[in-house]
Structure formats: structure tokens, C-alpha cells
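Asker: One structure, as C-alpha cells, below. Some questions next.
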Amino acid sequence: MTDSLALHSGDYVERYNRKPLDRVRNLAQLMHLSSTTRLVDFACGNGMLLHALGDRIGQYEGVDFSPDFIAAAEAWAERDGQINYRFHCAEITKFCAEHCKEFEAAAALDFSEHIADEIAIPIFSAIRQSLKPGGTLYLHTPNGDFFIERAKEVGILRQFPEHVAVRNGADTIALLVKAGFPVEGIRLTMIPHYNVLRFLSPLARLPIVGKWFEARLWIEARI
């Protein structure tokens, strides 16, 4: 855990702060929310989703184990004049144990690729327990079948050191099922990359090799 915290602190936070808001704003548009929704954002980082959502929800709660990220999130929210939000520097499983069945929606954006199965299963089980009946988890992650990720897997390209478990759609769904999400409530959509690689997205329609050009996974898991 100490090594993981080191990877998600300091310079990594500074680099993350430079990422464009548009990519998360586009993901936020895929969420089914209302003005009364209470949403929890797991591994919230600098709180980018809070700014992308605007006034679409009733309450935002951000959870991250990195003090550096929570400090950056608090500072940005204060500068931006945000309201109806709270940030928590906490381990996800502990937070969820203290907030059972409280939320209509949960987000795990660009997070699952950072945790191996033996850690991910109890974490997503805890996330499920934090949701109210009928609540939905929104998960976004790189697709392990994307040709860039395959090239990283075999050593042609360098993998990000914090990406320890980039999964494809089937493996991500299997992970959620092991965590207790009902398979009939899980819906998977392939979406384009958010950078220049999005222009390769039409190649996903090709037979046989199309899956290598599906860059990102978008999963809605309803309990």
C-alpha cells in the first residue's frame, strides 16, 4: 500500500492536474443522474468529476487515499466556488463500511486498472454495499484488448507503472460479478479514446480485428 500511495502522490498529482476536463465531462454525460442524486466518486483524484457534473446532482462525495490528491481537490473546489460537496481522505473499504446503502450512484473512473484482482474484488464489493437498492456504479477504464494496451502487455510499449491490471470487457465484468454485482444489471459499452487515438475508433467495426481498436470500456452496473 505504501508503494501504491507513492505512485499516486507528488509529481503524479501535478501531471494529473494538467489533464483536460473535457474527457471527464464527456463521461459525465453518459451518467443517468438527477438533481436529487447523491453520488460518490471513488479514487476521485483532484475532484475532476465534481467540476464536470456542475449542478446536475444533489450531493457529491469524493474519496481518495492520497492526501496530495485530496488537498488538490479541496483547493480546486474552493477556487471554483463549488457547493454541495465533501472530500474524504480514506481507504475505500473503510469509507464504504461507514456509508452502507447511502448513494444512488457511484463512479470509478480510470481506477480499476490501478488495482489487482485480489484487491479489486473486496473494493468493488464494498462499493456495491455503499449503493442503495437500484443504485448504479459507473466504471471507466482502458480496454485491455486495445492494440496499444496489447503492445504494452508484450513489452513493445512501456506501461504506466501505476497501471497494474488493465482488463478487457469480459474480465472487468467477471470482476464485478465476483464482487457481487448481478450480471443481468451490467451493461458494457465500448467508447473511443479521448485523445488523438479517437480517430481510430471507426476501425472497431472491422471483422475479427475490430476489438483491437476499441479503446475504452464504459460499464454501468446496477444492483
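Readers should treat all values here as calculations from the given coordinates under stated rules, not as data from a laboratory. Worth saying up front: this structure is predicted, and the values here are computed from it rather than measured. Cβ: placed from backbone, ideal geometry, glycine included. Neighbour counts: every protein chain shown.
Asker: Expressed as a rounded percentage, what relative contact order does segment 2-222 have, with Cα pairs under 8 Å and six or more residues apart?
Answerer: About 18 percent, as a whole number.
Asker: Of the beta bridges DSSP finds with both residues in the chain, what % are antiparallel, to the nearest 5?
Answerer: 40
Asker: Separate question: How big is the chain by Rg and Dmax over its Cα atoms, in Å?
Answerer: So, for the chain, Rg and Dmax equal 16.8, 49 Å respectively.
Asker: Follow-up question, since we're still on this one. Once you list every other residue whose beta carbon is under 11 Å from the beta carbon of Ala221, what net charge do they have if Lys and Arg are +1 and Asp and Glu are -1?
Answerer: Charge balance in the 11 Å sphere: +1.
Asker: Check which residues have an amide H placed less than 5 Å from Thr141's amide H, if you skip close sequence neighbours.
Answerer: Asp110, Leu217
Asker: With runs of 4+ DSSP H residues as the only contributors, calculate the mean residue ellipticity of the chain at 222 nm using -39,500 (n - 2.57) per run, divided by the residue total and rounded to the nearest 500.
Answerer: -9500 deg cm²/dmol
Asker: Quote the Stokes-Einstein diffusion coefficient, in whole µm² s⁻¹, for segment 8-55, based on the Kirkwood radius over alpha carbon pairs, a temperature of 37 °C and a viscosity of 0.692 mPa s.
Answerer: Details: Rh = 11.9 Å.
Using the Kirkwood radius from Cα pairs, D works out to 277 µm²/s.
Asker: Could I ask something else about it? Go through segment 9-65 and name the trypsin sites (Lys or Arg not before Pro) that are in a DSSP coil and have 12 or fewer other Cβ atoms within 10 Å of their Cβ.
Answerer: Taking segment 9-65 and a limit of 12 other Cβ atoms within 10 Å, the loop trypsin sites (Lys or Arg not before Pro) found are Arg18.
Asker: Would you work out which of Phe111, Ile148, Thr37 lies farthest towards the positive end of the dipole of the chain, given +1 charges on the beta-carbon of Lys and Arg and -1 on that of Asp and Glu, about the Cα centre?
Answerer: Ile148
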